Amino acid sequence: MSPASARSTSVAPWFGAVIALQLAHLIAVATAAPERVGLVHDVAGWVSGLLAVAGTFAAASSFVSGDYLRKVWGGLTAGAALSLVSAALRSYWLHTVPDVPFTSSPLLPYRMVAVVLANNATVYALILLAMTYRKSGLQPPSSPRTKALWAATTLAALAVGIPSLFTEMRNFASGAISLPSAVISAVSTLADMTTIFLVAPILSVAYMLRGGKLAWVWWAMGLSGATWLLYDARVWLAPLLPGDGAHAAELLRTLRTSGLVLLGLAGWLQRSALGPQKVEAPEASLNTSAGMS
């Protein structure tokens, strides 16, 4: 077995575990009674959120203070942790006041703050991550394939995000939703549009590093971003699926599990690729990223 094949085999169970968790969430929603669907999403949100925090923290702790990649993974850890706080607020309300929608909860403004901070931290970290190839000399060469990927992700981000933004603005203007709900939706949509846009450079670096340990970090990050694309498109994808549109939307909502778990997996793979020793300096970490295979 070649070294590349051995590495593929070693990470296969981890990606298989992501698929298993996604299927478990999907099947649970598909078979749950309508009044239990919220509880299923709640349990899945805790599991995937904790895995995202654990994985990103593992990666961040692999680097010393001041390291460029520590900033990247520290930002992703902060985003995952704040996202978990947001989920915890909603979970608390679900279990204590189950008969009142969370949109009417006095906790909604606090969730708004958590969501805004989480998305800002995540977007900042992903921008730093996408710039890593420039810092490490891994700038992918321009080619028709990379240009097509950039065009596709840009169009996807605009196609998914702009209709959602207009819908939320219209709902807020008509009084159908409150200001905190509008802010949560708008900030989340803008952040997801940025994430989708950054899928192109992330996947380009993953392709360049194919066969190396760090390639799987980038693949996991890229797949996470692609998953959020499908998650955000659930509003207009749901009516295209067979059966009840509302139920189909709930099934597509399960994709949040893969988005979060793949982020945690990327962090764990980053830590595993570096080994037990921490990187000594920013230059060393970037050179290690460029040369490790």
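Values in this text are rule-based calculations from the coordinates and carry no lab data. The structure presented is a predicted model; accordingly, all values stated were derived computationally and were not measured. A quick note on method: Cβ atoms are made from the backbone with ideal geometry, for glycine too, and the neighbour counts reach across all protein chains shown.
So, counting K/R as plus one and D/E as minus one, what does the shell of residues with Cβ under 13 Å around V199 add up to?
-2
Step through the residues of region 233-249 one at a time and calculate ³J(HN,Hα) from phi using the Karplus curve (6.51 cos²θ - 1.76 cosθ + 1.60, θ = phi - 60°), rounding each to whole Hz and writing x for Gly and Pro.
8, 5, 5, 9, 7, 4, x, 7, 7, x, x, 5, x, 5, 5, 4, 5
Work out the charge dipole of region 1-135 with +1 on the Cβ of Lys and Arg and -1 on the Cβ of Asp and Glu about the Cα centre, then indicate which of G45, M112, A81 is farthest towards its positive end.
In region 1-135, that residue is A81.
Can you grab the distance from the C-alpha centre of region 78-96 to the C-alpha centre of region 26-43, Å, no decimals?
18
Return the ratio Rg/(2.2 N^0.38 Å) for region 13-291, where Rg is computed over Cα atoms only.
Ratio of Rg to 2.2 N^0.38 Å for region 13-291: 1.02.
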